[in-house]
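What follows is calculated from the coordinates using simple rules that are stated; it is not laboratory data. Note that this is a predicted model, so its numbers are computed, not measured. Methodologically, a virtual Cβ is constructed for each residue, glycine included, from the backbone with ideal geometry; neighbour enumeration extends over all protein chains shown.
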Amino acid sequence: MKENLTYNLYSTERRYREETLISYYFQPNKKVEKTCRPIDINGERLRLYNDGTLENYKKKEILNSQEASVRRTVILMNTLLAMNDFDWFLTLTFDRQKIDRTNAEAVFNCYVKYINNIKKKFPSFRYMTFPERHKDNCFHFHMLVAGLTPSQMGLVNSGKVCCSWAKLKDGVSSREYYEKTKDKFIHKETDGEPLYNVTSFAYGYTTASRIVSRERCNFYVKKYVEKALGSTEIFKKRFYYSSNLNVPEVVKRLIGADFSTPKNLTSLQEIVDNPLVKNAKYKKLCDYDVLQVKIQNDLKDNIDKGLLPLEKDIEFPF
């Protein structure tokens with residue numbers, strides 16, 4: 001932190017379904033003027049200064065920026081998954097007879113047309129979409145969908161079912177094979193669930209299955225996406241989502257002003273004695289972000305009403 005600046009201490013509460021995350025952090029009380037901005041020239045990312053000079057980014061700066069971008073993506077993804085329930089898991093694959101499915105721009109334009117068409121017909125449509133590029137350079141999209149009935153989605157039973165032991169067929173089998181062999185294996189939650197085709201998608205092949213376990217589905221999506229999170233050079237964003245998804249309630253408060261250094265936080269009895277901090281899980285951070293507190297919503301609500309619980313025998317983390 002620069003010594004010629006002073007800092008304001010804020011708290012931000014983000015209320016999720018079951019718990020509230022409270023973050024304490026410092027911000028400079030004076031906006032620092034930027035002397036440069038990033039710019040792309042022929043695919044190369046450079047730093048453009050106010051006087052017109054250009055400078056290459058160091059490799060470490062680029063890596064740090066990419067890591068920060070991935071962290072923000074994962075946080076946003078986890079937040080949306082935690083705040084929303086979805087009914088269907090879809091996979092959209094493009095037909096090479098209708099489109100060059102190795103062409104990112106072409107397949108993305110088809111995807112956008114498909115999404116916009118559903119939005120116009122059904123405003124209740126909610127989704128998260130995750131693009132994937134296969135080893136053969138072809139693209140397809142995975143989607144979590146809610147707010148639509150099977151008929152609105154144009155679902156037609158394919159005659160196939162989820163079958164985890166049909167490994168040579170990627171966990172899919174005919175209903176007949178499933179019924180003949182089901183007594184020989186230990187079942188997963190999805191086994192026996194019918195697979196559907198999405199007739200409203202006109203650009204290729206589709207599968208859709210009902211989400212039977214929100215936790216299992218979220219675990220799969222997080223595992224897949226975090227492994228696949230890389231460059232955004234193809235689609236600009238690592239995933240897409242509708243604007244009508246649930247998001248946490250956010251309340252920002254000013255705690256104190258004109259701090260010369262975050263170390264002054266230890267003298268703030270308002271935080272040290274705060275029952276929300278005393279009765280919550282917390283994590284000590286550093287620099288601008290100094291403390292994160294997680295507390296169950298029912299406990300927080302009682303404390304906000306003045307119903308203080310018995311204090312836990314824990315030390316404040318400073």
Taking the highest mean first, how do the peptides 146-153, 159-166, 25-32 order by number of other beta carbon atoms within 10 angstrom per residue?
159-166, 146-153, 25-32
Under 27 Å from the Cα of Lys30 - lysines, other chains or at least 8 residues apart:
Lys2, Lys252, Lys263, Lys284
List the residues whose amide H sits under 5 Å from the amide H of Lys188, counting only those 5 or more places along or on another chain, with H placed 1.01 Å from N in the peptide plane.
Ser164
Gaussian network model of the chain, Cα within-10 Å springs - most flexible of Val172, Val198, Val247:
Val172
Scalar couplings 3J(HN,Hα) for segment 17-32 by Karplus 6.51 cos²θ - 1.76 cosθ + 1.60 (θ = phi - 60°), nearest whole Hz, x for Gly and Pro, are 4, 10, 9, 10, 9, 10, 10, 9, 8, 9, 9, x, 7, 10, 5, 8
Rounded to two decimals, the Debye log10 I(q)/I(0) of segment 1-156 (Cα scatterers, no solvent) at q = 0.11, 0.16 Å⁻¹ is -0.79, -1.15
Describe numerically, in nm with one decimal, the distance between label points set 7 Å from Cα along Cα→Cβ at Tyr16 and at Met83.
1.2 nm
Students often forget the sequence filter, so: which lysines lie under 19 Å Cα-Cα from Lys98 once same-chain residues fewer than 8 apart are removed?
Lys113
Residues whose modelled amide H sits under 5 Å from the amide H of Glu19, counting only those 5 or more places away in sequence or on another chain, are Asn297
Using the count of nearby Cβ atoms within 10 Å as a rough guide to exposure, how do Phe239, Phe219 rank from fewest to most?
Phe219, Phe239
Residues of type lysines that Lys167 reaches as a straight line, Cα spacing below 28 Å, ignoring anything fewer than 8 places off in the same chain
Lys135, Lys180, Lys182, Lys184, Lys188, Lys222, Lys223, Lys227
Using only C-alpha atoms and all pairs of different ones, pull out the Kirkwood radius for segment 88-241 in Å with one decimal.
16.6 Å
Relative to the present Cα-Cα distance, how much length would full extension add between Val156 and Lys182 at 0.36 nm per residue of separation?
7.0 nm
Cβ-derived FRET efficiency at R0 22 Å, Ser69 paired with Leu48, nearest 0.05:
0.65
Running a GNM on the chain with Cα contacts under 10 Å, which residue among Val212, Val112, Val221 ends up with the highest mean-square fluctuation?
Val112
Give or take rounding to whole Å, what are the principal axis extents of the alpha carbon atoms in the chain, in descending order?
70, 61, 38
Most exposed first by the Cβ proxy, i.e. fewest other Cβ within 10 Å, how do Glu215, Glu270 rank?
Glu215, Glu270
For the Val251, Phe122 Cβ pair and Förster radius 35 Å, calculated FRET efficiency rounded to 0.05 is 0.60
